[in-house]
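Here's the structure, in structure tokens; my notes come after.
The values are calculated or read from the model by the stated rules, or taken from the named source; none is laboratory data. Being a predicted model, the structure only gives us computed values, none of them experimental. Cβ coordinates were reconstructed from backbone atoms using ideal geometry, including for glycine residues, and neighbour counts include every protein chain displayed. Protein only, heavy atoms only, side chains kept; ligands, DNA and RNA dropped before computing areas. Shrake-Rupley method; radii C 1.70, N 1.55, O 1.52, S 1.80 Å.
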Amino acid sequence: MAFSERVARLKSSLIREILAAAQRPEVMSFAGGLPAEPMLPKVDWSEMPASIGQYGMSEGEPALREAVAAEARKLGVNCDASQVLITCGSQQTLDLASKLFIDPGTEILVEAPTYLAALQSFQLFGADCITVPQEADGPELEALRERLQQHKPAFAYLIPTFQNPSAVRYSEAKRDAVAALLDEFNVTLIEDEPYRELVFDAGSATPIVSRLKRTSWIYTGTVSKTLLPGLRVGFLIASPDLFPHLLRLKQAADLHTNRIGQWQALQWLGSDKYQAHLAELRDFYRVRRDAMQAALQEHFADLASWQVPQGGLFFWLTLNHKLDTRTLLQPAMAQNVAFMPGEPFFVDPDANPGYLRLNFSHVPPEKLGEGLRRLAAVIREAYGAVEAQRSE
């Protein structure tokens, strides 16, 4: 069978495989970024016009594009509806951007760690991923300057607000500095913000794209984390020089995004009921975040270190003793516990052992403690096995 050379680079998604294995009702899953089912809003389809069932515009529904642009302007993003493309989730933005910029060997810049499915898309198209280390408030600036100077990547892919997987939120100072560096070296920014609305404290920070003065940019978001992932509705906003190319790539991919999902998203975006829903969502997830923090303090204090996330859906743990956490998956699943190993979030997984990503949105607080107790026991047993080998 003669496949394209790209297929040789195609990697399966570990997270999708773990989620499939975690479907059993007895499994406590800390693996995926699944919204809590009790918080999926009840939706009304009764007013949807029959015409929505017809083919639509590749750009997306005009009213939804206007609503997205209006919300972005509130964040300081200087844009109008003509720059908005409605996508099949923000993952499609990454696919379109990959097609636009990446040939085999094209250098791009990503955070270390970074979003697993972004790596999957970029590497499928043959990107050479240059990494910049993360600090508690964003990327290490000297390292970022050095990478931009030496490599001149085709774009920088950044997740500055409650980064997946690390939950880092860039400080205002880091955002200003990153924007200045990207402008200085004229490197396009792809800014991914699926978790912006899931904030648990009073802090906020405007998007980096709103601070750029000369370089091109793509800003992307989704309603998957705040409304219904099943709608598969996301968006990108692009600088005018990039938008026509992204639109043509969208037309070649799928003609247009699901109009029924777009219609439902439009019933919420920018409305009072959406703001009320977001307030409930933040309160609900804050309780689950705090429950996981308490359970981690009880069961993991001697095993790992972590920062309490100020938003998003994840804790990012650094084990005290480096251990390939992928080896823990099978024994954890035997204890009916699922988690996400940290290694696949790095460009070079084997060189970065000893991290776990734990989701706190999905498992009810009354089950959290037992799930984390079992996971801690699996890690302790693995530590014991390593120590036994060393002493032989």
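Annotations
A quick yes/no check of all residues on (1) farther than 16 Å from Leu303 by Cβ; (2) touching a residue at least 12 places away in the same chain (Cβ under 8 Å); (3) surrounded by 21 or more Cβ atoms within 10 Å (Cβ to Cβ):
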| site | (1), (2), (3) |
| --- | --- |
| Gln330 | yes, no, no |
| Ala351 | yes, no, no |
| Ser361 | yes, yes, yes |
| Lys367 | yes, yes, no |
| Arg373 | no, yes, no |
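- Qualifying strands (runs of 3 or more DSSP E) (wholly inside the range 167-261; at least 1 residues being free of Cβ contacts under 8 Å to residues at least 12 places away in the same chain and over 27 Å from Gln307 (Cα atoms)): none
- Pairs are defined by a Cβ separation below 8 Å, a sequence spacing of at least 6 or placement on different chains, a first member in the range 122-135 that is of a type in the set (S, T, N, Q), and a second member that is in a strand (DSSP E or B) and buried (at least 18 other Cβ atoms within 10 Å of the Cβ); the pairs so defined are Gln123/Cys129; Thr131/Leu109; Thr131/Val110; Thr131/Glu111; Thr131/Ala112; Gln134/Glu111; Gln134/Ala112.
- Selected residue [farther than 30 Å from Glu135 by Cβ and open to solvent by 40 Å² or more (accessible area, probe 1.4 Å)] from Asp241, Asp302, Asp283: Asp241
- Apart from one condition, His321 fits all of (1) modelled with pLDDT under 95; (2) open to solvent by less than 10 Å² (accessible area, probe 1.4 Å); the exception is (2).
- Residue satisfying condition, being in a loop (DSSP other than H, G, I, E, B) and among the acidic types (Asp, Glu), within set Glu17, Glu59, Glu66: Glu59
- Of all residues making up the range 244-261, the number that are farther than 14 Å from Leu94 by Cα and under 22 Å from the mean Cα position of the chain (by Cα): 3
- Checked against (1) touching a helix residue (DSSP H, G or I) at 6+ places or on another chain (Cβ under 8 Å); (2) in the same structural domain as Tyr219 (by the TED database), Gly105 passes all but a single condition, namely (1).
- Close pairs (7 angstrom Cβ cut-off, 6 or more residues apart or separate chains): assigned by the TED database to the domain that holds Phe360 in the range 303-314, of a type in the set (D, E, K, R) and surrounded by fewer than 19 Cβ atoms within 10 Å (Cβ to Cβ) anywhere: Gln310/Asp201
- Within the range 18-70, being under 23 Å from the mean Cα position of the chain (by Cα), surrounded by fewer than 18 Cβ atoms within 10 Å (Cβ to Cβ) and among the charged types (D, E, K, R) holds for one residue alone: Glu37.
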